[in-house]
Amino acid sequence: MTYQMHPNMTLGKVKLKVSNLERSLDFYQNIIGLQILNQHERSAELTADGVNALVEVQEIPDAIITPRRSVSGLYHYALLLPTRKDLGLSLKRLLEHGIHVGHSDHHVSEALYISDPDQNGIEIYRDRPRSEWSYDENNRIVMGGERLDVEGVLLEAEGHSWEGLPEGTTMGHVHFHVSDLHKAQAYYCDQLGFKLMMHVEEFGALFISAGGYHHHMGLNIWAGQGAPAAPVNATGIEYFTLSLPNEDEVAMLIKHLREDAGITVDEQGDTAWVTDPFGIKMKLISAV
């Protein structure tokens, strides 16, 4: 039987490589609104609820800041907010601090796009209810890229004060530059068991998910067909995390990857590591 990614799979922590920890912590706390959960000499985990780490930043020696759209790797990671009011508060905060904000209405969601000081892309968004999502004749999700109703989003925040990212903020999805879109689809859909939700060939991107979500991962060739992996000392993503409901599900996925897909899995204690064909590392964990 063909393996399918568990419908209750969620995304966990994204670890980033940065060039200056102090600068990154100032940005992530005072602009984005995350809090420090744990801090060490060269790294820190950041949280919205004081319990779960969403982002980890690690300062690397002799770091070079990766130019945008130049290598396979992170395009952006996306923080999902509970409400439109929360999105309005984040937008207001960003604008007050002179941050350049891209934005879009994707029909399934409303999104803001920014970059951290090391050019790591960040999306901050809120979902519309699933009952409002649309599907085409092939039962694939319909997403667009219309202008965001900026005024309406800001209006939601009127009368409310910004207090950082709210409890209930999660890692909604991750989006990567890859060197070959067909190879990416074969790996993530045929081997890891994600479902293809949308493929826009002329746009050079596809979107995949588990459990019917509009997308847990975006994959694109906007850095160019054949885009190389990033140098070891480049800023960008160190890894992202797939969280499965329990240890049995993790074991089942590992068994499938090794025995059916021929993919190398590196197990270290209760954590398993897999690297995709583009040099992007993922961590496999159990939620309990």
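The values are calculated or read from the model by the stated rules, or taken from the named source; none is laboratory data. Predicted model only: the values in this text are computed from it and were never measured. Note: ideal-geometry Cβ built from the backbone for every residue, glycine included; neighbour counts use all protein chains shown.
Reported count of residues in region 206-247, each being within 15 Å of the chain's Cα centre (by Cα) and hydrophobic (A, V, I, L, M, F, W, C), is 9. Of the strands (runs of 3 or more DSSP E) lying entirely inside region 1-93, those containing at least 2 residues that are farther than 18 Å from Gly168 by Cα and not small (Gly, Ala, Ser) span 14-18, 35-39, 53-59, 73-81. Checking each residue in region 161-181 for being over 15 Å from His199 (Cβ atoms) and part of a loop (DSSP other than H, G, I, E, B) picks out Ser161, Trp162, Glu163, Gly164, Leu165, Pro166, Glu167, Gly168, Thr169, Ser179.
Among the residues of region 266-288, those that are surrounded by fewer than 16 Cβ atoms within 10 Å (Cβ to Cβ), among the hydrophobic types (A, V, I, L, M, F, W, C) and without any contact (Cβ under 8 Å) to a residue 60 or more places away in the chain comprise Trp273, Val288.
One line per residue, one yes/no per condition, for (1) among the aliphatic types (A, V, I, L, M); (2) in a helix (DSSP H, G or I):
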{"position": "Ser131", "(1), (2)": "no, yes"}
{"position": "Leu148", "(1), (2)": "yes, no"}
{"position": "Glu156", "(1), (2)": "no, yes"}
{"position": "Gly159", "(1), (2)": "no, no"}
{"position": "Lys183", "(1), (2)": "no, yes"}
{"position": "Met197", "(1), (2)": "yes, no"}
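Would you please name the residue that is modelled with the highest pLDDT, looking only at residues in region 59-81 that are in contact with a Ser or Thr (Cβ under 6 Å, 6 or more places away or on another chain) and closer than 11 Å to Ile237 by Cβ? So the residue we want is Ser72.
Looking only at region 230-281, residues that are in contact with a Gly (Cβ under 6 Å, 6 or more places away or on another chain) and part of a strand (DSSP E or B) come to 4 in all.
Within region 74-120, restricting attention to residues that are among the small types (Gly, Ala, Ser) and in contact with a strand residue (DSSP E or B) (Cβ under 8 Å, 6 or more places away or on another chain), the residue that is surrounded by the most Cβ atoms within 10 Å (Cβ to Cβ) is Ser90. Yes or no: Ile31 touching an Asp or Glu at 6+ places or on another chain (Cβ under 6 Å), in contact (Cβ under 8 Å) with a residue 40 or more places away in the chain, more than 30 Å from Ala186 (Cα to Cα) and of a type in the set (Val, Ile, Thr)? Judged against the criteria, Ile31 is not a match.
Of the residues making up region 115-129, those that are free of Cβ contacts under 8 Å to residues at least 60 places away in the same chain, out of contact with any Ser or Thr (no Cβ under 6 Å at 6 or more places or on another chain) and not in a loop (DSSP other than H, G, I, E, B) are Ser115, Glu123, Arg126.
Screening Glu146 with (1) in contact with a strand residue (DSSP E or B) (Cβ under 6 Å, 6 or more places away or on another chain); (2) crowded, with 19+ Cβ neighbours inside 10 Å gives one miss only, at (2).
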